[in-house]
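The block underneath contains the structure these notes are about, expressed in structure tokens.
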Amino acid sequence: MIRNFRQGRIFFARLDHGADIISQITNLAAENGIETGAISAIGALSRAELGYYDQVSQEYCKIPVDQPVELASCTGNISLRDGRPFVHAHAALSDRTGRTWSGHLTCGTVFAAEVYLQELSGLSLKRVPDSITGLALWGEE
């Protein structure tokens, strides 16, 4: 599936200390009527949870990161799932020794973080269940 979009508004936001990073980005999109977009974020998290999708069991395995980490890289997109903005983000996290974790970012408590959100205009991307992968992927309803 390939879709063509036009660049819309651009937002830079400082996220709230103590808030959940995914919820904050989701709320930013919802409050500004963004249905499709691209995101990038940097900063630091007090704790986080990443996920790894097990392709055999078709379930996410949790990777808890219960310590302060740098949000060295975070990239993703926004599309619609069940009629609401849905953030799909992957992140690379690092601790004071340089140990790193990476994967699907499911949640994270913001210590200090900044996000770039690029709105994309055109047809909305909608996530629908995919029978092959077990994931909610972009598709036709």
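In table form, for the structure just shown:
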quantity: Options A72, A89, A29; residue that is touching a helix residue (DSSP H, G or I) at 6+ places or on another chain (Cβ under 9 Å) and either at pLDDT 95 or above or closer than 23 Å to A13 by Cα (or both); calculated: A89
quantity: Residue count, the stretch 2-16 (criterion: in contact with a strand residue (DSSP E or B) (Cβ under 6 Å, 6 or more places away or on another chain), part of a loop (DSSP other than H, G, I, E, B) and either at positive phi or at pLDDT 95 or above (or both)); calculated: 0
quantity: Residue list for the stretch 86-102, filter: closer than 18 Å to C61 by Cα, open to solvent by 40 Å² or more (accessible area, probe 1.4 Å) and small (G, A, S); calculated: S102
quantity: Total residues in the stretch 9-27, condition surrounded by fewer than 18 Cβ atoms within 10 Å (Cβ to Cβ) and under 14 Å from the mean Cα position of the chain (by Cα); calculated: 3
quantity: Number of the condition not met by E35 [criteria: (1) in contact (Cβ under 8 Å) with a residue 60 or more places away in the chain; (2) more than 19 Å from A113 (Cβ to Cβ); (3) open to solvent by less than 50 Å² (accessible area, probe 1.4 Å)]; calculated: (3)
quantity: Set L120, L137, L105: member being among the hydrophobic types (A, V, I, L, M, F, W, C), in contact with an Asp or Glu (Cβ under 9 Å, 6 or more places away or on another chain) and either at pLDDT below 95 or surrounded by fewer than 19 Cβ atoms within 10 Å (Cβ to Cβ) (or both); calculated: L137
quantity: Residue pairs meeting the criteria (Cβ under 6 Å; at least 6 apart or on separate chains; first within 17 Å of E114 (Cβ to Cβ), in the stretch 63-77; second in a strand (DSSP E or B) and open to solvent by 80 Å² or more (accessible area, probe 1.4 Å)); calculated: L71/I42
quantity: In the stretch 82-98, the residues that are acidic (D, E) and farther than 18 Å from R47 by Cβ; calculated: D82
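Conditions tested, residue by residue: (1) hydrophobic (A, V, I, L, M, F, W, C); (2) within 11 Å of the chain's Cα centre (by Cα).
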{"position": "R6", "(1), (2)": "no, no"}
{"position": "A29", "(1), (2)": "yes, no"}
{"position": "R47", "(1), (2)": "no, no"}
{"position": "E59", "(1), (2)": "no, no"}
{"position": "T106", "(1), (2)": "no, yes"}
{"position": "T109", "(1), (2)": "no, no"}
{"position": "A112", "(1), (2)": "yes, no"}
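The values are calculated or read from the model by the stated rules, or taken from the named source; none is laboratory data. Just so we're clear, the structure is a prediction, and the values are computed from it rather than from any experiment. Neighbour counts run over all protein chains shown; Cβ positions are idealised from the backbone, glycine included. Keep in mind that these areas ignore ligands, DNA and RNA; they rest on the heavy atoms of the full protein, side chains included. Shrake-Rupley method; radii C 1.70, N 1.55, O 1.52, S 1.80 Å.
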